[in-house]
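Each value in this text was obtained by applying a stated rule to the coordinates, not by laboratory testing. All values reported here derive from a predicted model rather than from experimental measurement. Neighbour counts run over all protein chains shown; Cβ positions are idealised from the backbone, glycine included.
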Amino acid sequence: MILIVDSGATKSDWIALNDKGEQLFTTQTLGLSPEVLTRQVIEDRMANNFEISKNKDSVTGLYFYGAGCGTERMKLFLKGIFKDFFPNAKIQVKEDTYAAIYATTKIGHQGIVCILGTGSNCSYYDGHQLIQKVTSLGYILMDDGSGNFFGRKLLRDYYFHKMPQDLGIKFAKEYDLDADVIKDNLYKQPNPNTYLAKFARFIIENKEHPYCRGVIDKGLQQFVNNYIMQFELATKVPVNFVGSIAHFLRDELATVLDRNDLILGVIRQRPIEGLMEFHKDTI
């Protein structure tokens, strides 16, 4: 049995295949980002999943694509956890950008591949290898156009009284905006990036409001400026996306890309289906 895992900051999608490439089961856990979680939390999230825990000794290969796995230190950290949890498995850990590539871009084809979900990232794929111009410094300094980016913007504008009154009243009715609650989630609880990203649902649901339209447009344009336009061939190759923000703001994204003479390619909300097809060909 092999396990294929696409792990974002919010959740992880798991698919198990047998040696014939047939699907055995699918399941989900919370995200397993090594940048923000301890070993104990990661182990608990796997152990508390019935399918994963029940089959852990039968796993012969684990292919893990995860947010926060862009450095060798984080890859080794996760490999150590997985080797202990899946004692009979060969372990492969790659950053989530590879999941986005395999899910949207055919081997041998060029393209820019972007992640717009809880966090954000962007790479160029030359058909064989991944090229990155920007090293991510995480949700506090980067993640332009992402769920946590928009969540942070909403909270700041609400507290700085820059959000229109009608929208502010609605925002306060839908979320607990008590300052102590917000600060507790940001500074004392795990996954503050995921906490911020949950507010992005509000901007998506109210995207026809002029304020939200403006915030979305500026956020996506900022992502284009800081990430996509780093690549010289940006206007010559398709720009592909994975992630919920790209999926739910598909029309807005298309408008921004068109304005910048960029070619919109494939958009997938979840790359796990494309990953499964990719790995079926390698079994």
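Between THR38 and LYS218, the simple label model (points 7 Å from Cα in the Cβ direction) yields a spacing of 3.9 nm.
Normalised by the empirical 2.2 N^0.38 Å for globular proteins, what value does the Cα Rg of region 34-188 take? The value comes to 1.30. Rounded to the nearest 10 degrees, the inclination of helix 250-259 to the longest alpha-carbon principal axis of the chain is 70 degrees.
For region 241-283, the gyration tensor built on C-alpha atoms gives an oblate shape. Its axis ratio a/c (a ≥ b ≥ c) is at least 1.5, and a/b is not larger than b/c. The charge dipole of region 1-142, taken about its Cα centre with unit charges on the Cβ atoms of Lys, Arg (+1), Asp and Glu (-1) only, comes to about 180 debye.
Looking at region 41-191, the DSSP beta bridges with both ends there are about 55 percent antiparallel. How far is helix 147-159 tilted off the main Cα axis of the chain, in degrees rounded to 10, range 0 to 90? With rounding to tens, the tilt is 30 degrees. Modelled spin-label separation between ARG45 and HIS109, with each label point placed 7 Å from Cα along the Cα-to-Cβ direction: 3.1 nm. Across region 36-107, Cα-Cα pairs farther apart than 18 Å form 43% of the total. Secondary-structure-derived ellipticity at 222 nm for the chain, considering helices only, amounts to -12500 deg cm²/dmol, per-run term -39500 (n - 2.57) for DSSP H runs with n ≥ 4. Annotation: the chain has a Kirkwood hydrodynamic radius of 19.6 angstrom, from the mean reciprocal C-alpha pair distance. The simple spin-label model puts a point 7 Å past each Cα toward its Cβ; for ASP258 and THR71 those points are separated by 4.1 nm.
Per-residue extension of 0.36 nm, minus the Cα-Cα distance of ASP19 and VAL181, leaves a gain of 53.5 nm for this segment. Just to confirm my numbers, what's the Cα centroid distance between region 196-234 and region 82-102 in Å? The distance from the Cα centre of region 196-234 to that of region 82-102 comes to 30 Å.
Subtracting the Cα-Cα distance of ARG250 and LYS280 from 0.36 nm times their residue separation leaves 7.9 nm of extension gain. Per-residue 3J(HN,Hα) values for region 165-175, derived from phi via the Karplus relation 6.51 cos²θ - 1.76 cosθ + 1.60 with θ = phi - 60°, read 4, 4, 6, x, 5, 5, 4, 5, 6, 8, 10 Hz in sequence order (x marks Gly and Pro). Helix 210-226 and the longest principal axis of the C-alpha atoms of the chain enclose an angle of approximately 50°. Applied to region 26-37, the Karplus parametrisation 6.51 cos²θ - 1.76 cosθ + 1.60 on θ = phi - 60° returns per-residue 3J(HN,Hα) values of 10, 7, 9, 10, 5, x, 10, 5, x, 6, 10, 10 Hz, with x for Gly and Pro. Annotation: amide H of GLY66 within the under-5 Å range of SER7, LYS94, GLU95, ASP96, sequence separation 5 or more or interchain, hydrogens built in the peptide plane.
Stretching the chain fully between PHE160 and VAL134 yields a gain of 6.3 nm (0.36 nm per residue, less the alpha carbon separation). Taking amide H atoms as placed 1.01 Å from N in the peptide plane, the amide H of GLY111 lies under 5 Å from those of TYR125, GLY127, each 5 or more residues away in sequence or on another chain. The order of the peptides 172-182, 236-246, 203-213 by mean Cβ neighbours within 10 Å, most packed first, is 236-246, 203-213, 172-182. This model, with +1 at the C-beta of Lys and Arg and -1 at the C-beta of Asp and Glu, gives the chain a dipole about its Cα centre of some 260 debye.
Annotation: lysines with alpha-carbon distance below 26 angstrom to LYS54 (same-chain offsets under eight excluded): LYS11, LYS20, LYS75, LYS79, LYS83, LYS90, LYS94, LYS280.
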